[in-house]
Amino acid sequence: MTLSTAGIHHVTAIASDPQRNLDFYAGTLGLRLVKRTVNFDDPTTYHFYFGDESGKPGTILTFFPWPNARRGRQGAGQAVVCSFAIMPASVGFWIERLVRYQVEFQQPVLRFEDERVIAFKDHDGFMVELVAHPTAESRTGWPGSGVPTEHAIRGVHSVTLWQDACEPTGDLLTQTLGFRLVREQGSIYRYATGDGGPGTIVDLRCVPGLWRGTSGAGTIHHVAFRAPDEAAQMEARAQLALLAYTVTPQMDRDYFKSIYFREPGGVLFEIATDGPGFTIDEPLEALGQALRVPDWMESRRFEIEALLPNIHAPLELHGPNA
C-alpha cells in the first residue's frame, strides 16, 4: 500500500527573532500570515504559518521563532532548501525587489532545462529559492500584500533534501508515499507525485561525505506530506509501522491531524491531513491577525501572551506612509 500523497502539505523551519521573521516572509516575500499561534509543545514561543490567501496545503511555510536559538548548520541528513513557485515573467520583478530590500541573492540559473532559479538566504541563513516555471500558473498568489498579484509567490514549489545516500529515501518516497522518480541532473534526483506541478516535488541531492547537519535557526525542522483524510493517514501509519518505522500517535494540531517519523536519512517527516484548515477558528478575512491558542491552553492565555515577544505587522503591509 502507498499513501499516494498529493504532495507537500507544509515545511516547518526554525528561526530566531520573530519580528524579523515576520518582516521577511510577510513583508519582503509578500506571503500571507495565515495563522499566528504558539508551538503546542512549547507555548512560550510563536508558531507562524505563511501561505496563500487561505493557507491551502502545498502553500505553507511555518516557523518556530525562538529568540535565543543558536544558528544551525545545513548538512547531510536534513531537508535544506524550501523553493517557492513564481511565474517566468516575474523573474525581473523579484530581482529588483531583492535588491530593494538588500537581500543578497545568486543570479538566476537554469535547472532541469526549464526552471530559472533565484537562490538566497534569510537573516538566519535559511536557504530559499524562487523557481520560475509556467506550471506556477495553476496557483494564485496572495493579493493582499505589497507584491502585485501577477508577481506574487504561488506556494511551495519543492523541497530539497541533502543525503549521504539517496537510495533508501528514494525507496521510501516511491514505495510508500506515492512519488515517482521523474528527473536526474548531476547529483540531484527529482521525485514528484500527481501532476508534477508546484507543491508535488521532492529533490534529493546526494552529498556523500558531507558533514551532518545540526538543528538550529536557519534550518528546516520537518517536512509534511498531504493525506486527504484521517483514514488515509492511519493506513499510512499502519504501513510505516509494518516497515519498522517508529511513528508517533496521531496528534491534533487544530488545523490538521499529524503523525511523525524519521526517514532513513534522518529527516523528520510528517503526514498531515488536508483539513479542517485555518478558517476553523477565525474568518478568512481575519486570518493571522490575532493570537490563536488551542482550547486546552485557553485558560493560560494571559500567561502565554505575557511571555511572548511583542510583534507588529510588517510596514510593507500598510504602505510606506504607515
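What follows draws every value from the coordinates through simple rules; no lab data is involved. Keep in mind that this is a model prediction, so the values were computed, not measured. As a convention, Cβ positions derive from the backbone with ideal geometry for all residues, glycine included, and neighbour counts pool all protein chains shown.
Tabulated data for the structure shown
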{"item": "Net length gained if the chain between Arg116 and Ala286 were fully extended (0.36 nm per residue, minus Cα distance)", "result": "57.7 nm"}
{"item": "Distribution of pairwise C-alpha distances over the range 98-168, 5 Å bins, in %", "result": "3, 13, 18, 23, 23, 12, 4, 2, 1"}
{"item": "In sequence order, calculated HN-Hα J values of the range 49-63 (Karplus, 6.51, -1.76, 1.60; Hz; x Gly/Pro)", "result": "10, 10, x, 8, 4, 10, x, 5, x, x, 10, 9, 10, 10, 9"}
{"item": "Candidate lysines - alpha carbon under 20 Å from Lys35, same-chain residues fewer than 8 apart omitted", "result": "Lys56, Lys257"}
{"item": "Relative exposure of Tyr49, Tyr245, judged by other C-beta atoms within 10 Å (fewest first)", "result": "Tyr245, Tyr49"}
{"item": "Ordering of 124-132, 176-184, 24-32 by packing [mean C-beta count within 10 Å, highest first]", "result": "24-32, 124-132, 176-184"}
{"item": "Spatial separation of Cα centroids for the range 42-87 and the range 269-318, in angstrom", "result": "15"}
{"item": "Residues Thr200, Thr140 arranged by fewest to most Cβ contacts within 10 Å", "result": "Thr140, Thr200"}
{"item": "Modelled FRET efficiency - R0 51 Å, Arg20 with Ala238, Cβ distances, 0.05 increments", "result": "0.75"}
{"item": "Bridge type composition, the chain - antiparallel percent by DSSP, nearest 5", "result": "65"}
{"item": "Length gained when the stretch Glu137-Arg300 is fully extended (0.36 nm per residue, less Cα-Cα span)", "result": "54.3 nm"}
{"item": "Other-chain or far-sequence residues with amide H under 5 Å of Ile201's (modelled H)", "result": "Ile8, Val159"}
{"item": "Protection proxy ranking of 272-282, 288-298 - average other beta-carbon atoms within 10 Å, highest first", "result": "272-282, 288-298"}
{"item": "Long-range amide H partners of Ser4 with built H, under 5 Å", "result": "Gly178"}
{"item": "Max mean-square fluctuation residue, GNM over the chain, Cα-Cα springs under 10 Å, options Phe50, Phe225, Phe256", "result": "Phe256"}
{"item": "In sequence order, calculated HN-Hα J values of the range 292-309 (Karplus, 6.51, -1.76, 1.60; Hz; x Gly/Pro)", "result": "10, 10, x, 3, 6, 9, 4, 5, 9, 3, 4, 5, 4, 5, 5, 8, 7, x"}
{"item": "Whole-number D in µm²/s for the range 238-322 (Stokes-Einstein; Kirkwood sum over Cα pairs; 10 °C, 1.306 mPa s)", "result": "97"}
{"item": "Amide H contacts under 5 Å for Arg262, placed H, 5+ residues apart", "result": "Thr246, Phe269"}
{"item": "Spin-label model distance (nm) - Phe93 vs Thr2, 7 Å beyond Cα toward Cβ", "result": "3.6"}
{"item": "The range 45-191: translational diffusion in µm²/s, Stokes-Einstein, Kirkwood Rh over Cα pairs, 25 °C, 0.890 mPa s", "result": "146"}
{"item": "Most mobile listed residue (Gly186, Gly55, Gly170) in the chain, GNM with C-alpha springs under 10 Å", "result": "Gly186"}
